[in-house]
Amino acid sequence: MASRLWMPRCGARTRNGGPCNASKIPGRKRCKWHGGLSTGPRTAAGKLISLRNLVQNRRHELNH
């Protein structure tokens with residue numbers, strides 16, 4: 001495994017105009033903060049699971 005120090009950098013621009021120095025996600029072009037992670041469920045089954053979790057968590061919030 002490559003050293004984290006030598007992994008390719010994200011390169012997205014930060015608010016101060018400089019490049020992001022975080023390591024990019026393997027197989028992606030950006031880091032986890034700039035679009036390298038999941039964008040959410042894509043299949044009908046995945047969307048159903050996501051909705052079920054949302055409802056369950058909202059019920060938990062209302063009870064506490």
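The values are calculated or read from the model by the stated rules, or taken from the named source; none is laboratory data. As the structure is a computational prediction, the values presented were derived from the model and not from experiment. Positions of Cβ are backbone-derived with ideal geometry, glycine not excepted, and every protein chain shown enters the neighbour counts.
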Cβ pairs under 8 Å, 6+ apart or interchain, first in the range 48-64 and touching a residue at least 24 places away in the same chain (Cβ under 8 Å), second of a type outside the set (S, T, Y) and not in a helix (DSSP H, G or I), ordered by first then second residue, are none
Counting only residues that are surrounded by 13 or more Cβ atoms within 10 Å (Cβ to Cβ) and outside any loop (DSSP other than H, G, I, E, B), how many does the range 10-23 have?
1
Members of the range 24-64 found to be at pLDDT 85 or above, of a type in the set (S, T, Y) and exposed (fewer than 10 other Cβ atoms within 10 Å of the Cβ), listed by number:
T43
